[in-house]
Amino acid sequence: MRISKDTKGPLSEINIIPLVDVMLVLLIIFMITAPMMQHGVNIDIPKVTTKPLAAKDEPQILSITRDQQLVLNEKKISFKDLKPAVQFLFANKKDKEIFLRADKDVPYGFVVSCMGIVREAGIEKVNIVTRPLEQ
């Protein structure tokens, strides 16, 4: 930057180089941390040859982990609290649909008993989440 000897007033230009430096640092920080922000329960879902279902509203997901722990929308619940939790979750909703994600190593009887409790809670549609087979 050159300042001529003819100007006697203050410099009226804005120096944006520090602003650009800070923005680039923030961009790099967010690019590194964004992939780490994903939440969820690691479940090994079985693979099938069906087509995906279209979800209408925000999906309600019940996950069953390998060690038979229940997670309802990222909140751990016990087996005995499953029915009241599902009833509370769907108390003011007219479209009662839930997605069930179960690890492929969970005993079939436990999955069916969870589905039965969800049906007793008044849920009309229980969808089972799977992965497509690799060709």
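The values are calculated or read from the model by the stated rules, or taken from the named source; none is laboratory data. Because the structure is predicted, anything quoted here is derived from the model rather than measured. Note: ideal-geometry Cβ built from the backbone for every residue, glycine included; neighbour counts use all protein chains shown.
Give the residue that is surrounded by the most Cβ atoms within 10 Å (Cβ to Cβ), with candidates limited to residues of region 16-45 that are modelled with pLDDT under 85 and not in a helix (DSSP H, G or I).
Checking each candidate, the answer is 43.
Take region 96-120 and flag every residue that is over 22 Å from the mean Cα position of the chain (by Cα) and free of Cβ contacts under 8 Å to residues at least 40 places away in the same chain.
Within region 96-120, 107, 108, 109, 112, 113, 116, 117, 119, 120 qualify.
Could you please let me know if residue 73 is surrounded by 12 or more Cβ atoms within 10 Å (Cβ to Cβ), over 17 Å from residue 42 (Cα atoms) and in contact with a Leu (Cβ under 8 Å, 6 or more places away or on another chain)?
no
What about residue 123, is it over 22 Å from the mean Cα position of the chain (by Cα) and crowded, with 16+ Cβ neighbours inside 10 Å?
It is false that residue 123 is over 22 Å from the mean Cα position of the chain (by Cα) and crowded, with 16+ Cβ neighbours inside 10 Å.
Condition first: surrounded by 14 or more Cβ atoms within 10 Å (Cβ to Cβ) and part of a helix (DSSP H, G or I). Now tell me which residues in region 88-119 satisfy that. Full working, then the answer.
Of the residues in region 88-119, the ones surrounded by 14 or more Cβ atoms within 10 Å (Cβ to Cβ) are 89-90, 96-103, 106, 110-111, 114-115, 117-119.
Within region 88-119, 89, 110, 111, 114, 115, 117, 118, 119 qualify.
Check off (1) within 15 Å of residue 59 (Cα to Cα); (2) not in a loop (DSSP other than H, G, I, E, B) for residue 85 and give me the number that stays unchecked.
(1)
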